[in-house]
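Beneath this line is the structure, given in structure tokens, with notes to follow.
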Amino acid sequence: MVRNPLGTKAVTAEAAIARLSLQGLTALDPFERLAGPFRRAVPYSAGCWKPVDPGTLLWTGFGIEDGGTGTISGARWRFVENELLERDFSKYHDLVRRRHGITTLHRETHGEPDRSSRYRRIHRLLGFGAELRAVFRTGDTLRGQRRAGPR
């Protein structure tokens with residue numbers, strides 16, 4: 001029996017991710033299909049999926065989930081600027097190098113998210129609280145990144 005600290009919903013989401021990783025889908029297709037199982041396992045109010053080129057690790061698109069409010073769409077370049085130009089916690093290039101490519105801003109700041117410029121300059125202004133970040137790999141190859149603001 002497979003055990004996961006998040007329960008059966010997380011096992012279902014993990015199985016969906018594994019199945020989709022074998023289908024040879026392109027760009028945002030797998031992320032759009034994963035949103036439902038992922039949201040059931042880890043409820044969130046808004047998120048952004050970013051497929052990456054495995055060779056360069058550069059983003060090749062954005063899959064925005066914000067309930068049609070435009071909140072994330074309007075702020076995506078602020079997130080890009082933070083990721084590429086500012087010092088901050090849990091950057092994707094750091095997560096790629098970790099054995100477990102998943103973390104929360106709360107964990108990284110030891111419960112003090114105000115230590116993060118991303119939290120102070122973007123999350124708080126948009127009314128977001130917690131942040132989960134994850135990278136998706138097939139073996140040792142990075143396929144995408146996930147950012148979600150849990151409910």
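The values are calculated or read from the model by the stated rules, or taken from the named source; none is laboratory data. Computed from a prediction, not measured in an experiment: that's the story for all the values here. As a convention, Cβ positions derive from the backbone with ideal geometry for all residues, glycine included, and neighbour counts pool all protein chains shown. The area values use the complete protein model at the heavy-atom level, side chains included, leaving out ligands, DNA and RNA. Shrake-Rupley method; radii C 1.70, N 1.55, O 1.52, S 1.80 Å.
A few points about this structure:
- Neighbours by Cβ (under 8 Å, 6+ apart or cross-chain): first from the stretch 62-74, in contact (Cβ under 8 Å) with a residue 40 or more places away in the chain and farther than 17 Å from F31 by Cβ; second open to solvent by less than 50 Å² (accessible area, probe 1.4 Å) and not charged (D, E, K, R): T71/A46; T71/L126
- Options L84, L95, L105, L142; residue that is hydrophobic (A, V, I, L, M, F, W, C), open to solvent by 60 Å² or more (accessible area, probe 1.4 Å) and either modelled with pLDDT of 90 or more or farther than 18 Å from D66 by Cβ (or both): L84
- Among the numbered conditions (1) modelled with pLDDT of 80 or more; (2) crowded, with 16+ Cβ neighbours inside 10 Å, the only one that G61 does not meet is (2).
- Scope the stretch 20-36; condition out of contact with any Pro (no Cβ under 9 Å at 6 or more places or on another chain), surrounded by 13 or more Cβ atoms within 10 Å (Cβ to Cβ) and modelled with pLDDT of 70 or more; matching residues: E32, R33, L34, A35
- Test: residue in the stretch 94-112 that is in contact with a helix residue (DSSP H, G or I) (Cβ under 9 Å, 6 or more places away or on another chain), assigned to a loop (DSSP other than H, G, I, E, B) and among the β-branched types (V, I, T): yes
- Index of the failed condition, V42 passing every other in (1) open to solvent by less than 30 Å² (accessible area, probe 1.4 Å); (2) within 24 Å of V11 (Cα to Cα); (3) touching a residue at least 40 places away in the same chain (Cβ under 8 Å): (1)
- The stretch 36-75, residues that are charged (D, E, K, R) and part of a loop (DSSP other than H, G, I, E, B): D53, D66
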